[in-house]
Amino acid sequence: MTGYILRRLLMTVPVMAVVALFVFSLLYVAPGDPAAIIAGEQATPAEMQRIRASLGLDQPFVPRFARWAWNAVQGDLGVSVFSATPVSEMIVQRIPPTLSLMVLTLLISIVVAVPVGVVAAANQGGWIDRLFMSAAVLGFSLPVFVVGYLLAYLFALQLGWLPVQGYRPPSGGVWEYLSRLILPALALSGGYIALIARIARSAMLEVLSQDYIRTARAKGVARQVILFVHALRNATLPIVSIIGIGVATLISGAVVTETVFGIPGLGRLVVDALLRRDYPVIQGVVLVFSFTYVLVNLAIDLAYTLLDPRIRY
Amino acid sequence: MHRRQFLSTTAAAMGLFAMPAIRPAGAADRRVLKFVPQADLAVLDPIGTTAYVTRNHALMVFDTLYGVDDKNQPHPQMVEGHVVENDGKLWRLTLRPGLQFHDGTPVLARDVVASINRWGKRDIYGGALMAVIDDLSAPSDRVVEFRLKKPFAHLPAVLGKGAPTIAAIMPERLAKTEATTQITEIVGSGPYRFLAKERNPGALNVYEKFAGYVPRDGAANYLSGGKVAHFERIEWHTLPDASTAAAALQAGEIDWWEQPTSDLTPLLRGNADIRVQVQDTTGFAGVMRFNHLQKPFDNPAIRRAFFGGILQSDYLIAAVGEDKALWRDGLGFFHPDSPMASKAAIPAGKPDLARVKQDLAAAGYKGERVVMLATADFPVINLMSQIAADMFQKVGVNLDLQVQDWATVSSRLQSREPIDKGGWSVTCNFAAGIGMFNPAAHSYLRSNGEKALFGWPTIPAIEQLRNDWFDAPDLAAQQKICEEIQKVAYAETPYIPLGLYYQPTAFRADLTGMLKGTPLFYGLRRA
């Protein structure tokens, strides 16, 4: 197992290198020049050139990438061309809000979606199944920002229960912290709940048709026990897989959600950086996102061994 | 569902809705002001960019030697006074006693010298001052001497102006930084101190009242007078989404949203707890800018022909709506509230597109492709561009309207290449009205070719008249020169004015003492 983990961790290195090269290449060919934005409309060409040189943007592709990659390997992701702040510092500053949002979204999604999937499967073809699956279609179809605005309008503006926007760290009080995450997490979890619930339902349907379930029923085991103990345990693998795959959806959803709810997280950081062509920040955040994705999927693979003792690495 | 189950579920739902408000009270701390700026404060160096959000930040943190009032007249600010000798060629400025920087060091004349030298390399109006300076020195800690090549009566106005960059005074150790390199420490001597440790780039910037600031006597008037800070702490929250900002203002989570979008202002106006009003009465001017280096707009007759197709109100309504209180048409090349404004040569009558078509043909337009650059990132630019594009198409221009993100547009505007190599032909934009009060700081009017703003017009007559304006002996002479500039501008067309519009600001009704002009935080308090 340890050998497997080390191998997988080592495999992240070429993955990250390819991601870094790909992103760097895209940004290199993309139109736009941060020097033009920094200098403003009244800058002379000489000033623009000086700014470009001071930022190292006048260098050819290979030396620029090589220098960035060498520094990145040593943990130096460079500095923002606009704020002159170290990128690693900016990322560290933005991780807690995004992580909080994603964890709460995951919790809400799992707590809601798994029972929904199980109950829908248990009532296959019935009105509960149809209701839940229709809701799942709605969850897939409604864009995160629409759900976000609706939630903010109802719970923040009309009812006044929760704040409209912002983020407070847990050190400022648990409620202060949670109250600003509830609406964004609910908005973001809509699609995720739909995804997990559908997979949970299909996995449960497959398990419920197995012989051992029929035997359990014949023995008079309670319905809830059959569903949540015998069947669900054997249906967890596809559910756990989809949770891992869905992290990518969560990351992209966080970009929108953080903008709608004014959360200073990584999603907003990368959007702002893209709009300004703040190359070091874009590269740094994309690296963090891709590393997170690789790690989450490693964790999911490891979780398989706990859920199914037959799986060995 | 059973009856009992239904009833208990409904009761629980009702109870949930009847819960008291558990949201923390909005911007409740009376000593704290929460402000949403027009854009993210990306660049902190006061001369690092011409972005207005940076200028607004600079006005909090830095002080200036002089400050203009709301009539654009300069008054002493950091200086106690000045004497002018040697027929106007020697200015001796004496600093007020007790001035200190936020790092606790005193403001000395050598700090002023270094700050002005750095700023003068970037600022267009400052450049005019630097061009006449023979020697700038600090003979003592409180005295700054300007030895000039020729008299320059505009010195206080240049050093006290508010746009696009201010002549911010900073410690010499920072001011010695190369002008194109950003300073890494924000230390000024203004009424508010920047708290770098609390900065979250792209999200939050925090300022604290500077206890060591000694305001001048008298009431504050725009950038002049007594800058008294009432709030202990000011937080700038960047909220990129307009709907979120509007909701936060309504919920009382923020106190002031600098630039509400025109589609949301009616909603905010309907809220008794919110005031929506125009604070900056100098507004913004729409401009249609041609690329003078490329065909077909290297031909002044072709540029001039488009005046006949412009109805400024069309552009202004598109930009800010039907409310006439929010715009003024009939704009010439100078701000209508400036003493330099005149009606000279302003075209009268309604647009005549058939005539424009004839004039274009007569001027030699042969159907060359015209690339109009626009951006959807700034709705005003996009909407004005759509109106302009419609007019261009109606008069038979072979138009290629390209709407791109601002990062792409802003870099493409710097390209002097032909359109088949990524260049451009024409674009619509807006500029602060305050910059159009006179020819000195009027960047769109500058016509010094390669050194001019993008579009790069070369119109020697305008440049000569601008130089004459600096030397004009009195207001009447200045006005006469500006009238001439306007006539030349209508003939040569460095750009086409598209009208003046006003940007309202929205704030909680309990704020009082808000000054006219750009967002200023001194004098402001909670009722």
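The values are calculated or read from the model by the stated rules, or taken from the named source; none is laboratory data. Since the structure is predicted, the reported quantities are computational estimates derived from the model, not experimental observations. FYI the Cβ positions are ideal-geometry reconstructions off the backbone, even for glycines, and counts take in every protein chain you see.
Of B:Thr458, B:Thr408, which residue is assigned by TED's automatic domain parsing to the domain that holds B:Pro300, surrounded by fewer than 23 Cβ atoms within 10 Å (Cβ to Cβ) and either touching a helix residue (DSSP H, G or I) at 6+ places or on another chain (Cβ under 6 Å) or within 30 Å of B:Leu33 (Cβ to Cβ) (or both)? None of the other options fit; the residue is B:Thr458.
The set of residues from the stretch A:227-247 being of a type outside the set (Gly, Ala, Ser), crowded, with 20+ Cβ neighbours inside 10 Å and more than 26 Å from the chain's Cα centre (by Cα) comprises just one member, A:Leu227. In the stretch B:45-68, the residues that are among the β-branched types (Val, Ile, Thr) form Cβ pairs under 8 Å with partners that are part of a strand (DSSP E or B), at six or more places apart or across chains, as follows: B:Val61/B:Tyr192; B:Val61/B:Arg193; B:Val61/B:Phe194; B:Val61/B:Tyr207; B:Val68/B:Pro74; B:Val68/B:His75; B:Val68/B:Ser224.
Inside the stretch B:373-403, residues that are among the charged types (D, E, K, R) and in a helix (DSSP H, G or I) make up a count of 2.
Residue check: B:Val187 meets all listed conditions (1) within 14 Å of chain A (Cβ to nearest Cβ); (2) touching a helix residue (DSSP H, G or I) at 6+ places or on another chain (Cβ under 9 Å); (3) within 30 Å of A:Ile95 (Cα to Cα) but one, namely (1).
For the stretch B:415-428, the criterion of being closer than 18 Å to A:Ala36 by Cα, assigned to a strand (DSSP E or B), in contact with a helix residue (DSSP H, G or I) (Cβ under 9 Å, 6 or more places away or on another chain) and within 14 Å of chain A (Cβ to nearest Cβ) is met by at least one residue. Out of B:Leu264, B:Leu239, report the one residue that is modelled with pLDDT under 95, under 20 Å from B:Met384 (Cβ atoms) and not aromatic (Phe, Trp, Tyr). Of the residues listed, the single one that is modelled with pLDDT under 95, under 20 Å from B:Met384 (Cβ atoms) and not aromatic (Phe, Trp, Tyr) is B:Leu264.
Yes/no per residue for (1) closer than 22 Å to B:Glu235 by Cα; (2) assigned to a loop (DSSP other than H, G, I, E, B); (3) in contact with a Phe, Trp or Tyr (Cβ under 6 Å, 6 or more places away or on another chain):
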residue	(1), (2), (3)
B:Pro139	no, yes, no
B:Val144	no, no, no
B:Ala153	no, yes, no
B:Pro156	no, no, yes
B:Pro215	yes, yes, no
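The strands (runs of 3 or more DSSP E) located wholly in the stretch B:222-301 that include 1 or more residues which are touching a Phe, Trp or Tyr at 6+ places or on another chain (Cβ under 9 Å) and under 22 Å from B:Arg525 (Cα atoms) occupy B:233-237, B:274-278. All conditions but one from (1) of a type in the set (Ser, Thr, Tyr); (2) away from every other protein chain (no Cβ under 14 Å); (3) in contact (Cβ under 8 Å) with a residue 12 or more places away in the chain apply to A:Thr259; the one that does not is (2).
If only one of B:Arg92, B:Arg110 is surrounded by fewer than 18 Cβ atoms within 10 Å (Cβ to Cβ) and assigned to a strand (DSSP E or B), which one is it? Within the list B:Arg92, B:Arg110, the selection yields B:Arg92.
Based on what the data block shows, is A:Leu162 at pLDDT 95 or above and not in a helix (DSSP H, G or I)?
Yes.
State yes or no: is B:Ile485 hydrophobic (A, V, I, L, M, F, W, C), over 25 Å from B:Asp69 (Cα atoms), outside any loop (DSSP other than H, G, I, E, B) and within 22 Å of the chain's Cα centre (by Cα)? No: the conditions fail for B:Ile485. Taking the criterion of being touching a residue at least 60 places away in the same chain (Cβ under 8 Å) and either among the charged types (D, E, K, R) or loosely packed, with under 13 Cβ neighbours inside 10 Å (or both), the only residue of the stretch A:22-61 that qualifies is A:Asp33. Screening the stretch A:1-97 for helices (runs of 4 or more DSSP H) wholly inside it with 1 or more residues that are of a type in the set (A, V, I, L, M, F, W, C) and either at the interface with another protein chain (Cβ under 9 Å from one of its Cβ atoms) or touching an Asp or Glu at 6+ places or on another chain (Cβ under 6 Å) (or both) returns the ranges A:34-39, A:45-55.
Would it be correct to say that B:Leu155 is hydrophobic (A, V, I, L, M, F, W, C), more than 14 Å from chain A (Cβ to nearest Cβ) and under 23 Å from the mean Cα position of the chain (by Cα)?
So B:Leu155 fits the description; yes.
Each residue in the stretch B:118-137 was checked for being surrounded by fewer than 19 Cβ atoms within 10 Å (Cβ to Cβ) and either closer than 25 Å to B:Phe210 by Cβ or among the charged types (D, E, K, R) (or both), and 3 of them qualify.
Name the single residue, out of those in the stretch B:443-454 being more than 10 Å from every other protein chain (Cβ to nearest Cβ) and surrounded by 24 or more Cβ atoms within 10 Å (Cβ to Cβ), that is farthest from the chain's Cα centre (by Cα). That would be B:Ser447. Applying the condition of being at the interface with chain B (Cβ under 9 Å from one of its Cβ atoms) and without any contact (Cβ under 8 Å) to a residue 60 or more places away in the chain to the stretch A:156-165 and asking which residue is surrounded by the fewest Cβ atoms within 10 Å (Cβ to Cβ) yields A:Leu157. The set of residues in the stretch A:180-232 being assigned to a helix (DSSP H, G or I) and without any contact (Cβ under 8 Å) to a residue 12 or more places away in the chain consists of A:Asp211, A:Arg214, A:Thr215, A:Arg217, A:Ala218, A:Gln224, A:Val225, A:Val229. Candidates in the stretch B:489-527 are the residues that are among the β-branched types (Val, Ile, Thr) and assigned to a strand (DSSP E or B); of these, the one that is farthest from the chain's Cα centre (by Cα) is B:Thr512. The numbered conditions (1) in a loop (DSSP other than H, G, I, E, B); (2) under 23 Å from the mean Cα position of the chain (by Cα); (3) more than 25 Å from B:Arg122 (Cβ to Cβ) are all true for B:Ala179 except (3).
Just wondering, is there one or more residues in the stretch B:155-168 that are of a type in the set (D, E, K, R) and surrounded by fewer than 23 Cβ atoms within 10 Å (Cβ to Cβ)?
Within the stretch B:155-168, none of the residues are of a type in the set (D, E, K, R) and surrounded by fewer than 23 Cβ atoms within 10 Å (Cβ to Cβ).
Within this structure, B:Thr184 fails the test of being within 22 Å of A:Gly40 (Cβ to Cβ) and touching a Lys or Arg at 6+ places or on another chain (Cβ under 8 Å). What residue, of A:Ala254, A:Ala299, is among the hydrophobic types (A, V, I, L, M, F, W, C), out of contact with any helix residue (DSSP H, G or I) (no Cβ under 6 Å at 6 or more places or on another chain) and in contact (Cβ under 8 Å) with a residue 12 or more places away in the chain? That would be A:Ala299, the only listed residue that is among the hydrophobic types (A, V, I, L, M, F, W, C), out of contact with any helix residue (DSSP H, G or I) (no Cβ under 6 Å at 6 or more places or on another chain) and in contact (Cβ under 8 Å) with a residue 12 or more places away in the chain. Mind telling me which of the residues B:Asn429, B:Asn382, B:Asn398, B:Asn448 ends up being closer than 24 Å to B:Gly120 by Cβ and either at pLDDT 95 or above or among the polar types (S, T, N, Q) (or both)? The conditions single out B:Asn448.
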